[in-house]
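These notes concern the structure reproduced below.
The values are calculated or read from the model by the stated rules, or taken from the named source; none is laboratory data. Being a predicted model, the structure only gives us computed values, none of them experimental. Here Cβ is always computed from backbone atoms with ideal geometry, including for glycine, and neighbour counts include all displayed protein chains. Surface accessibility is based on the protein's heavy atoms, side chains included, excluding ligands, DNA and RNA. Shrake-Rupley method; radii C 1.70, N 1.55, O 1.52, S 1.80 Å.
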Amino acid sequence: MDIIVCVKHVPETAEAEIRIDASGRDIEKQGLVFDINEWDEYAIEEAVRIKEKFGGTITVITVGPEDADSTLRKCLARGADRAIRVTDPKISGSDAYAIAKILYNVIKGMRFDLILTGVQASDDESALVGPVLAEMLGIPHATMIKRIEFRDGKAIVNRELEGGFEEVLEVDLPALFTIQTGINEPRYVSIMAIRRAMQKEIKVLSLMDLGLSEEDVSETGSWIRVKEMFTPPAEKKVEFISGSPNEVASRIVEILRRRGLI
Amino acid sequence: MVEILVLAEHRGGQLRDITFEMLTKAINLSSKLGAEVISIVLGKDVKSFAPTLAEYSNRVLLVENPLFEHFNSDLYQEVLSRVIRELKPLLTLIGHTSYGIELAPRLAASLNIPLATDCIDITFENNSLIVTRQMYGGKVNVRAVVRRSESYMVTVRQGSFMVQKPSPPLGGRIEELSIPMERVVLRKRFIKYVPPPPGGVDITAADIIVSIGRGIKDKSNIPLVEDLAKSLGGVLACTRPIVDKGWLPSDRQVGISGKTVKPKLYLALGISGSFQHILGMRGSELVISVNKDPKAPIFGYSDYGVVEDLFKIIPVLKMKIDEVRARKE
Ligand SMILES: Cc1cc2nc3c(=O)[nH]c(=O)nc-3n(C[C@H](O)[C@H](O)[C@H](O)COP(=O)(O)OP(=O)(O)OC[C@H]3O[C@@H](n4cnc5c(N)ncnc54)[C@H](O)[C@@H]3O)c2cc1C
């Protein structure tokens, strides 16, 4: 089974302070810690598990600057065989659709049985690279996958619906699946494995190598262009309780008591 | 004529809320644009939906076929690409749901029309389509311009628009479309539904919920919050990552892919407040959140907020609650 996994190098923002930059169209990236997109971590783990069962190769692909090599190295350490990174200053301003185009041009000449991506990236949350890529490649796809098995040369997958429901689908191969968190338990990667991965080569491609021009990507080749960023309005007016933990706890108890909750 | 096409979503014989949320937004846009609202519904047996959809639309397109018994994005794509090519609606709205995520990106790419996903607002300004969507787990909002086109597609986030029934009802014309499907070769086939595992704790019945997120850091800290929940006479619930890691069973998950709860008290500990989670707890009567990040989106959905390390609050809080209870007994 030859598997391609598309991954993204993203900033960790759940716990970090986010500031909108001077352009008003992006966040201040400096000082943020970047790592593999959460959904992609499950995707690469799933690919490694399939390879361990059935043999074959894993190629990881990303679009991003040199820093993104650390995400690729993590994938190599987990068990990927090859890594490709597409980089070009002209890619700046590209939305998820333009990224899908780039990935298509990397993949179109390759041999594969399966492509895995994350359901979405934690930064732009577009959830569209996978299915658009499948359309461009003309292969079947399924999104939000929580389980993959193979039977008679076909994939049997569980895809997530709302409210804890799932549906089971049979999909012809080659196919593309977008992987949902919780499909597996990503393994711990040892320092040794990461060190070994340092020796593996990362192939770097430019837009020209792919026969693409700036118009194909960037804002011109994108579906959407960010105009402005702002802090979301609050739905409820929150009252902050401050003070020592002791004071805070007393206040909460008082609120609960007043409402007859304790 | 300018048209706004809305894909009605249904499951288990019921139109889903997102359908009416999108129709409400479509009606609102149509009055500004002088547009017609057209709803389209696909299924094995969808005539029963027509009267309701007609109240919210100027035209209702029914596409019935035994093949559509279960949602299959390949079949939907076949039908919708034909309809969109013929009708050339200015805007097509699809829910940013499990079904929409599967369908819309591929449909838009095949038709070569620009798509903006997971939008919470939609406006037309100077002939441009402008959408509002969120990034970074709800920490920032973005206004984005969609590439100029004759036809646009937008997927709409659930719970973004409050449903308003038009009065008087629009009384839309009901039309049946027959679209030949014999030639379609299915490369993806529905096998069955899997319901959530039975049994477990019913968090939807609880008056008091203590809910934890990734801020709890480690499985070994769970007894701490279990004790707090017990003192409060409530149940323990959580965000998705806690279930993904196997720290709590899936029946404890609150959110779009878990349970929807409406307790008297929702105590959110170390939860960032991503929208997928918010959708499951928004109806709570009283929300108190503890998070060490003052900018955490959860505070925008809370009545009271505490910016603090949850591990400093929990033990003291439990102690004080136990004191009150002891005094009462
Ligand atoms: C299709 C789809 C469906 C989804 N369905 C759901 C769903 O049903 N339910 C759901 O919850 N999620 C769902 N998600 C995931 C969702 O997008 C978020 O990833 C998730 O809700 C984040 O969980 P969290 O708040 O626990 O973690 P994080 O976002 O990582 O937040 C952790 C928070 O803890 C705080 N914190 C850390 N340490 C401390 C401390 N010591 N004291 C106080 N605060 C601390 C941090 O400041 C941060 O705000 C879904 C995603 C997708 C794509």
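Miscellaneous remarks
- Based on C-alpha pairs under 8 angstrom that are at least 6 apart in sequence, chain A has a relative contact order of 24 percent.
- Residue-averaged [θ]222 nm for chain A, counting only DSSP H segments that reach four residues, each worth -39500 (n - 2.57): -8000 deg cm²/dmol
- Estimated buried accessible area (total), pair A and B, 1.4 Å, Å² to nearest 100: 8000
- Between residue B:207 and residue B:219, the modelled label-to-label distance comes to 3.4 nm, taking each label 7 Å out from Cα in the direction of the beta carbon.
- From most to least packed by mean Cβ count within 10 Å, the peptides B:65-71, A:229-235 give B:65-71, A:229-235.
- Charging the Cβ of each Asp and Glu at -1 and of each Lys and Arg at +1, and nothing else, the dipole of segment A:2-216 about its Cα centre rounds to 980 debye.
- Fluctuation leader among A:26, A:123, A:152 - chain A, Gaussian network, Cα springs under 10 angstrom: A:152
- Segment B:203-328: Cα Rg divided by the 2.2 N^0.38 Å rule of thumb: 0.96
- Residues B:33, A:103, A:137, ordered by accessible area of protein heavy atoms at a 1.4 angstrom probe radius and largest first, appear as B:33, A:137, A:103.
- Relative counts (whole %) of C-alpha pair distances in the protein assembly as shown, using bins that are 20 Å wide: 20, 53, 26, 2
- Mean Cα-pair separation over length for segment B:112-218, i.e. relative contact order, pairs under 8 Å, 6 or more apart, %: 21
- Per-residue shielding of A:130-137, expressed as the average number of other chain Cβ atoms within 10 Å of the residue Cβ, stands at 5.
- R0 of 30 Å, Cβ-Cβ distance residue B:126-residue A:206: FRET efficiency to nearest 0.05: 0.25
- Using the Cβ-Cβ distance between residue A:22 and residue B:326 with R0 set to 51 Å, the FRET efficiency works out to roughly 0.35.
- The mean number of partner chain beta-carbon atoms within 10 angstrom of a residue's beta-carbon across peptide B:226-235 is 1.
- Counting only other chain Cβ atoms within 10 Å of each residue's Cβ, the peptide B:285-292 averages 3.
- Qualifying trypsin sites (Lys or Arg not before Pro) in segment B:90-149, where qualification requires a DSSP coil assignment and no more than 10 other C-beta atoms within 10 Å, comprise B:148.
- Pairs from the table (A:29/B:217; A:227/B:139; A:53/B:192; A:237/B:230; A:236/B:165) lying more than 22 angstrom apart at Cα are A:29/B:217; A:53/B:192; A:237/B:230; A:236/B:165.
- Portion, in percent, of the accessible area of segment B:203-328 that falls on carbon or sulfur, probe 1.4 Å: 52
- Here the extension length gained between residue A:54 and residue A:192 equals 47.2 nm, from 0.36 nm per residue of separation less the Cα-Cα distance.
- Restraint check, B:245/B:295; B:219/B:295; A:51/A:146, Cα-Cα greater than 20 Å: B:245/B:295; B:219/B:295
- Value of relative contact order over chain B, rounded to a whole percent, pairs C-alpha under 8 Å and six or more apart: 14
- For residue B:258, the residues whose modelled amide H falls within less than 5 Å of its own, excluding neighbours fewer than 5 places apart on the same chain, are A:163, A:164.
- Ranked by how many other beta carbons lie within 10 Å on average, peptides B:237-248, A:251-262 from highest: B:237-248, A:251-262
- Residue-normalised accessible area of segment B:203-328, given per residue in Å² at a 1.4 Å probe: 37
- Fraction of antiparallel bridges per DSSP, segment A:2-216 only, in percent to nearest 5: 40
- Sum of side-chain charges, residue B:29 neighbourhood, beta-carbon under 14 Å (Lys, Arg +1; Asp, Glu -1): -3
- Just the protein heavy atoms count here, and of the accessible area of chain A at 1.4 Å, carbon and sulfur take up 48 percent.
- Packing order of peptides B:90-101, B:295-306, highest average first: B:90-101, B:295-306 (average count of other Cβ atoms within 10 Å over each peptide's residues).
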